[in-house]
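Following this message is one structure expressed as structure tokens.
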Amino acid sequence: QVQLVESGGGLLEAGDSLRLSCAASRRTFGTYTMGWFRQAPGKAREFVAYITSGGSTDYADSVKGRFTISGDNAKNTVYLQMDSLKPEDTAVYYCAAGRAPGRLIFTASVEYWGQGTQVTVSS
């Protein structure tokens, strides 16, 4: 069992930056691929980014070049640095863990979810 706790959400303006954190209750390196999904009101939950134990990353086209995912294995923590935020980035952001070496692009691949943190970007 892995508990994931997100933090760092907030209310921002377009163009601002924000870093989300996701703390895992135990070591995930080597066992899980870690990632972020988001869900806007009235929309399905969608993939944002993932990072493998080997450090490989991938991003949704909508956030490429603006968001950066990283991990600190010593702290069992994954981060999502979000720059040049847009109003369309407004959503609840969820941390996710899926069995390695999966790519963690689909919600069906997720084994554990965090509780979510709200990010609201005004124009």
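Each value in this text was obtained by applying a stated rule to the coordinates, not by laboratory testing. Bear in mind that the values here come from a model prediction, so they are computed numbers and not experimental data. Note that each Cβ is placed from the backbone with ideal geometry, even for glycine, and that neighbours are counted across all protein chains shown.
ASP16's amide H: which non-local residues (gap 5+, or another chain) put their own amide H closer than 5 Å, with H modeled 1.01 Å from N in plane and none for Pro or chain starts?
LEU85
Sticking with this one: What's the FRET efficiency of SER21 with ARG66 using the Cβ-Cβ distance as r and R₀ = 22 Å, to the nearest 0.05? Display every interim value, and only then the final one.
Values: r = 18 Å, r/R0 = 0.81.
Taking R0 as 22 Å, the efficiency between SER21 and ARG66 is 0.75.
DSSP beta bridges in the chain, what fraction antiparallel, as a percent rounded to 5? Provide the component values of the computation, followed by the final result.
Values: 37 of 41 bridges.
Once the DSSP bridges in the chain are tallied, antiparallel ones form about 90 percent.
On to the next question. Short version: ³J(HN,Hα) in whole Hz for each residue of region 9-16, in order, from phi by Karplus 6.51 cos²θ - 1.76 cosθ + 1.60 (θ = phi - 60°), x for Gly and Pro, what are they?
x, x, 9, 9, 10, 3, x, 6
A further question on this structure: If amide H atoms are built 1.01 Å from N in the plane of the peptide, which residues on other chains or at least 5 residues away come under 5 Å of the amide H of SER53?
GLY30
Can you give the FRET efficiency for GLN1 and GLN81, using 1/(1 + (r/R0)^6), R0 = 25 Å, r = Cβ-Cβ distance, to the nearest 0.05?
Values: r = 28 Å, r/R0 = 1.12.
Approximately 0.35, to the nearest 0.05.
Still on this model: Can you compute 3J(HN,Hα) from phi for each residue in region 109-116, using the Karplus curve 6.51 cos²θ - 1.76 cosθ + 1.60 with θ = phi - 60°, rounded to whole Hz and x for Gly and Pro?
So the Karplus estimates, Gly and Pro as x, are 7, 7, 9, 9, 10, x, 7, x Hz.
For the chain, build the charge dipole from Cβ charges (+1 Lys, Arg; -1 Asp, Glu) around the Cα centre, then report which of ASN73, GLN1, PHE106 sits farthest towards its positive end.
With unit charges placed on the Cβ atoms, the residue in question is GLN1.
Suppose we keep just the alpha-carbon trace of region 72-123; what are its Rg and Dmax in angstrom?
Expressed in Å, the Cα Rg and Dmax of region 72-123 come to 13.2, 38.
Measuring from a point 7 Å past the Cα of GLU111 along Cα-to-C-beta, which residues in region 1-22 have an amide N at less than 11 Å?
Residues 1-2 fall inside that zone.
Just how large is the dipole of region 22-74 about the Cα centre, in debye to the nearest 20, putting +1 at every Lys and Arg Cβ and -1 at every Asp and Glu Cβ? Let's see the in-between values first.
Working: 7 positive and 4 negative charges, 32 e Å.
The calculation lands at about 160 debye.
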